[in-house]
Amino acid sequence: MKHFTTLALVWAFSTLSAAAQTAPSLISPEIREDHSVTFRLRAPQSQNVALRGQWDKAQVTMTLDADKVWTLTVPKIPPGVWEYSFIVDGLTMIDPLNPAQKPQRKPTASILHIPGTPPNVWDFQNVPHGTVHQHDYLSKALGTQRSAWVYTPPGYEADSTTKYPLLVLQHGSGDRHEAWVVHGKAHWIFDNLTAAGKAKPMVVLMLDGHPMGQIPREMAEKRAESLQAFKNELLQDGLPLVESHYRVSAEREQRAIAGLSMGGWQSLSTGMTNLDRFAWIGSFSGAVDENEIKPALDDTAGTNAKLKLLWIACGEKDFLLERNNLLITTLKARGVSHEWRLTPGDHSWPVWRDYLAEFVPKLFR
């Protein structure tokens, strides 16, 4: 009986192995030269599967083929870095065949990257490239393990004397600190702008902007507490970490802080209340309450003397446009120097990549 069982197991394993080898391998997404893209998902028990892509935001039903694979081909998707998700019987999920996932607090989106011809500023190009470093540390401010990523520019390792300017670059509420690199392609934006002579080489610190976890917008008191915790971590942990590991200038005029959405709020609130540390501030679709930056508003002359650049941008269809308009009205009324960019677009990464590419060349000039 024992011998029979062994033979049966060997036969079963051999059969499964042969089936696995002969079964067609699935590719998703499959990108063709004409920029048509086929998406696939093996979910034979599901009743309804759809695709939602950021390129047009439409939810399109997929078709179950003879191999029990849900399939959809989308023609001529424009070049860009796009988010997309499958909606499977009402559940929004990533594409399990695609390892490129948007870094989110609750992952639901995969990444489709179609390079442009000629390449876009966020596409990989044949230029010198910098390095992205990962740091795990015990936060003195929070008393817990935390993580941060740091970008160093091309040639940094070969140059042992130059001290570089520092940009603190923050992500949005639904994302994590890896998002500016993995999804925003910020490292390639810096590489390409530097190679073209449009931006100064700089070190970039990207902190986890959720010191207390993701907090809903309606929990105002908790969000204020989280904002203060972010400031404490940045000043007590983030900046000392960069200063101890990298050659960065200690001069205030060589320090900038910027971010998107929640990161824009953090940058405005932190930068405008720490002008002894930051001279350059950028907000991409962010917003801040007037009382959070009241000292800077009340001392217009002092603020303008310290600010090298206060750069604020928002899309015409962004849900935070009204709050941005209120902030711009206040800055104008108080006489605070700033640059305001109202652009096409909504609250999304295709807009923010453009903002970063426009903002970075202005820094440290």
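Where a number appears in this text, it was derived from the coordinates with a stated rule and is not lab data. A quick note: this is a predicted structure, and the numbers were derived from the prediction, not measured. We place every Cβ from the backbone using ideal geometry, glycine too, and count neighbours over all the protein chains shown.
Distance between the pseudo-spin-label points of Gln228 and Leu142 (7 Å out from Cα toward the beta carbon): 1.7 nm. The three principal axes of the Cα atoms in the range 154-225 give end-to-end lengths of 46, 24, 18 Å, sorted in falling order. The Rg/Rh ratio for the range 189-241, using Cα coordinates for both the radius of gyration and the Kirkwood hydrodynamic radius, is 1.19. Considering amide H positions built from the backbone, and no H for Pro or chain starts, which residues 5 or more places from Asp95, or on another chain, come under 5 Å of its amide H? For Asp95, whose amide H was placed from the backbone, the distant partners under 5 Å are Phe86, Ser110.
Would you tally the net charge around Gly209, using a Cβ to Cβ cut-off of less than 9 Å, leaving Gly209 out, and scoring K and R as +1, D and E as -1? Working shown, then result.
Values: positive: Arg176; negative: Asp175, Asp208.
It works out to a net charge of -1.
For Lys198, a cut-off of 14 angstrom between C-alpha atoms picks up these aspartates and glutamates, skipping any fewer than 8 places away in its own chain: Glu358. Each of the GluC sites (Glu not before Pro) that DSSP puts in a loop and that has at most 14 other Cβ atoms within 10 Å breaks the chain; the longest unbroken stretch is 34-156. The alpha-carbon positions of the chain define a convex hull whose volume is 203 Å³ per residue. Within 10 Å of each candidate Cβ there may be at most 11 other Cβ atoms; applying that plus a DSSP loop requirement, which trypsin sites (Lys or Arg not before Pro) in the range 157-225 survive? Filter output for the range 157-225: Arg217. Between Thr329 and Asp299, the simple spin-label model (points 7 angstrom out along Cα→Cβ) gives 2.8 nm. Using the basic label-point model (7 angstrom from Cα toward the beta carbon), what is the Asp159 to Asp56 distance in nanometres? With each label placed 7 Å out from Cα toward Cβ, I get 4.6 nm.
The calculated FRET efficiency for the pair Thr273 and Leu26, based on their C-beta separation and a Förster distance of 41 Å, comes to about 0.20. Helices assigned as whole DSSP H runs in the chain whose Cα atoms extend at least 18 Å along their own long axis and whose mean Kyte-Doolittle hydropathy is 0.0 or higher are found at 2-22. Working note: 222 nm ellipticity from helices only, DSSP H runs with n ≥ 4, each -39,500 (n - 2.57), summed and divided by the residues of the chain, gives -8500 deg cm²/dmol to the nearest 500.
Quick check on my link table: of Lys106/Lys222; Lys294/Lys317; Lys57/Lys317; Lys76/Lys106, which ones sit more than 18 Å apart, alpha carbon to alpha carbon?
Details: Lys106/Lys222 20 Å; Lys294/Lys317 28 Å; Lys57/Lys317 14 Å; Lys76/Lys106 29 Å.
Violating the 18 Å limit, Cα to Cα: Lys106/Lys222; Lys294/Lys317; Lys76/Lys106.
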